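What follows is one structure encoded as structure tokens, with my remarks underneath.
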Amino acid sequence: MEITVNTPITHLRPDLRNATVEVAEGKTLREFMKDVSLSDYSIEYVLINKKKAEMTQQLKSGDDLFFIPMMAGG
């Protein structure tokens, strides 16, 4: 199935900016993040179809994911 991924964290995964990605049926958000080497520690939260997602949420065909990175400052 296909999902759309968008993220401003191009320093981690530039290929995931406005990308369509093929994923296996039944994959959870946490499993997908592991597959694409995105750590829970680098992401503040994830929106799926403009709603805050849980890591255990199963992805569905046509989902639109948006990754919000951790912010740091000083």
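Every read-out reported here was derived from the displayed coordinates using simple, explicitly stated rules and does not represent laboratory data. Note that this is a predicted model, so its numbers are computed, not measured. Please note: Cβ atoms are built from the backbone with ideal geometry, for glycine as well, and neighbour counts cover all protein chains shown.
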Practice problem: Pull up the cross-link candidates among the aspartates and glutamates for K51, meaning alpha carbon to alpha carbon under 20 Å and not fewer than 8 places away within one chain. | Solution: E2, E31, D40, D63, D64
Quiz item: Nearest 20 debye, what's the magnitude of the dipole of the chain about its Cα centre given +1 on Lys and Arg Cβ and -1 on Asp and Glu Cβ?
Solution: 200
Exercise. Please find, in a Gaussian network model of the chain (springs between Cα atoms separated by less than 10 Å), the residue of V23, V46, V36 whose mean-square fluctuation is greatest.
Key: V36
Quiz item: Most fluctuating residue of T56, T28, T20 in a GNM of the chain with Cα springs under 10 Å: which is it?
Solution: T56
Quiz prompt | Qualifying GluC sites (Glu not before Pro) for segment 1-60 [loop in DSSP, other Cβ within 10 Å: at most 16] | solution = E25, E54
Quiz prompt | Relative contact order (%) - criterion: Cα under 8 Å, at least six apart; region: the chain | solution = 40
